[in-house]
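*Asks:* Have a look at the structure that comes next, please.
The values are calculated or read from the model by the stated rules, or taken from the named source; none is laboratory data. Values in this document were obtained by computation on a predicted structure and should not be read as measured data. Here Cβ is always computed from backbone atoms with ideal geometry, including for glycine, and neighbour counts include all displayed protein chains.
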Amino acid sequence: MVDVITNIDIHAPLNKVADYASNPDNAPTWYDNIKSVEWKSPKPLTIGSLVAFRAKFLGRELSYIYEIVEFTRGEKLVMRTSEGPFPMETTYTWETIGADLTSMTLRNRGVPSGFSKLLAPFMATMMRKANNKDLKKIKTLLEKE
């Protein structure tokens, strides 16, 4: 099992952070590895929505469809894919920790299979590094506005 949890404090109101982060259309702006997003179901985001992502991770092109399995606006978003050699669940949570200060947590977890299973410890380290970079980027973007 790979389970990577990263967190950052962002000097912006919770609704601003949560609304931006939970909009899949914004993902290519703040996620370095995500190259494009395509809605497979009608907007807006709701439980059951399907969103296709094209990404590049560890030099490999990846395409996968996330299903939104839990969504409470301003609190939590859980999306899951069961495709490929590394089925993944991604969770965002947000919490107000002060005046215009929001804590955002990003969690990725999954159970790799096949060849990916051998790379799990390395993948966890690389995911943590990428997630920290992405959270710093969203922080910069939202604090600038």
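*Asks:* Can you tell me how many residues within region 37-56 are within 18 Å of Thr91 (Cβ to Cβ) and of a type outside the set (A, V, I, L, M)?
*Replies:* 4
*Asks:* Follow-up. Could you run through region 67-108 and say how many residues are in a strand (DSSP E or B), among the basic types (Lys, Arg) and under 17 Å from Ser49 (Cβ atoms)?
*Replies:* Final tally of qualifying residues: 2.
*Asks:* Is it the case, given these coordinates, that Ser49 is loosely packed, with under 13 Cβ neighbours inside 10 Å, at pLDDT 95 or above and either touching a Phe, Trp or Tyr at 6+ places or on another chain (Cβ under 7 Å) or of a type in the set (Ser, Thr, Tyr) (or both)?
*Replies:* Considered against the rule, which asks whether it is loosely packed, with under 13 Cβ neighbours inside 10 Å, at pLDDT 95 or above and either touching a Phe, Trp or Tyr at 6+ places or on another chain (Cβ under 7 Å) or of a type in the set (Ser, Thr, Tyr) (or both), Ser49 comes out as no.
*Asks:* Further question: Could you grab me the full set of residues in region 123-145 that are over 13 Å from Tyr20 (Cα atoms), over 12 Å from the mean Cα position of the chain (by Cα) and surrounded by 19 or more Cβ atoms within 10 Å (Cβ to Cβ)?
*Replies:* Selection gives Met123 alone.
*Asks:* Of all residues in region 33-54, count the ones that are touching an Asp or Glu at 6+ places or on another chain (Cβ under 6 Å) and touching a residue at least 60 places away in the same chain (Cβ under 8 Å).
*Replies:* Here the count works out to 0.
*Asks:* Of the residues Asn7, Asn15, which single one is within 15 Å of Ala130 (Cβ to Cβ), out of contact with any Pro (no Cβ under 7 Å at 6 or more places or on another chain) and either surrounded by 17 or more Cβ atoms within 10 Å (Cβ to Cβ) or in contact (Cβ under 8 Å) with a residue 24 or more places away in the chain (or both)?
*Replies:* Of the residues listed, the single one that is within 15 Å of Ala130 (Cβ to Cβ), out of contact with any Pro (no Cβ under 7 Å at 6 or more places or on another chain) and either surrounded by 17 or more Cβ atoms within 10 Å (Cβ to Cβ) or in contact (Cβ under 8 Å) with a residue 24 or more places away in the chain (or both) is Asn7.
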